[in-house]
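Reviewing the structure listed below.
The values are calculated or read from the model by the stated rules, or taken from the named source; none is laboratory data. Computed from a predicted model, the values in this text were never measured in an experiment. Counting neighbours? That spans all protein chains shown, and the Cβs are built from the backbone with ideal geometry, glycine included. Protein only, heavy atoms only, side chains kept; ligands, DNA and RNA dropped before computing areas. Shrake-Rupley method; radii C 1.70, N 1.55, O 1.52, S 1.80 Å.
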Amino acid sequence: MKKVVFTAILLSAFSGAFAQKYMTRTGKVSFFSSTPIEKIEAFNNEVANIFDSKSGEIVFQVPIKSFKFEKQTMQEHFNEDYMESDKFPKSEFKGRITNIGEVNLSKDGVYPANAEGKLTMHGVTKDVSIPGTITVKGGEVTLNSKFTVKTKDYDIKIPSLVEGKIAKEIEVTVSSVVTAMH
């Protein structure tokens, strides 16, 4: 039932013909944090994404508890201490690809893309501009991006006890293979 409601909400955010909309519920987001003391990496393969190829509108919803870590204790600290995932269960980007007119989804290629919009994380919403690419290969469309997030921008508190182990800037990588909605 949650998935039906979620999809209906995302669809209502868009206008126009269905043929121009793409989506997935299995997009991938990972993040990487590196300090001289420790490297932290997590992966999430349960990202929902809708993309309107005509208007450039794009929405990503990331369930925070779906991030998987190498060490269980890192995952627990991430959810309980830093992201407070019971209180803030998802991160979301809502925006628009500003140069959508330069992307030809009917022709194989790698197209530069810039998305501008609002990134909400840990209960804080910020205006962002995110560089990326749209790759078209054999009719498959993949949205890719790599960008940096500062923990302080989203009120993510790092206790002084572990401050040297967690970077203040986190590298985020997005890869989302989307399929046409019918």
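Annotations for the structure displayed:
- Selection within segment 91-103 - outside any strand (DSSP E or B), under 19 Å from the mean Cα position of the chain (by Cα) and surrounded by 17 or more Cβ atoms within 10 Å (Cβ to Cβ): ILE100
- Odd one out for THR135 among (1) within 21 Å of PHE67 (Cβ to Cβ); (2) in contact (Cβ under 8 Å) with a residue 12 or more places away in the chain; (3) among the polar types (S, T, N, Q): (1)
- Of all residues in segment 151-173 being in a loop (DSSP other than H, G, I, E, B) and at pLDDT 90 or above, the one that is surrounded by the fewest Cβ atoms within 10 Å (Cβ to Cβ): ASP155
- Test: residue in segment 104-114 that is open to solvent by less than 60 Å² (accessible area, probe 1.4 Å), under 21 Å from HIS77 (Cα atoms) and outside any strand (DSSP E or B): no
- Residue list for segment 115-141, restricted to those being surrounded by 17 or more Cβ atoms within 10 Å (Cβ to Cβ), of a type in the set (A, V, I, L, M) and closer than 27 Å to TYR154 by Cβ: ALA115, LEU119, MET121, ILE130, ILE134
- Conditions (1) assigned to a loop (DSSP other than H, G, I, E, B); (2) open to solvent by less than 70 Å² (accessible area, probe 1.4 Å); (3) at pLDDT 95 or above; (4) more than 20 Å from SER30 (Cβ to Cβ): number failed by PHE88: (4)
- With respect to being open to solvent by 20 Å² or more (accessible area, probe 1.4 Å) and under 23 Å from GLU169 (Cβ atoms), LYS28 fits the description.
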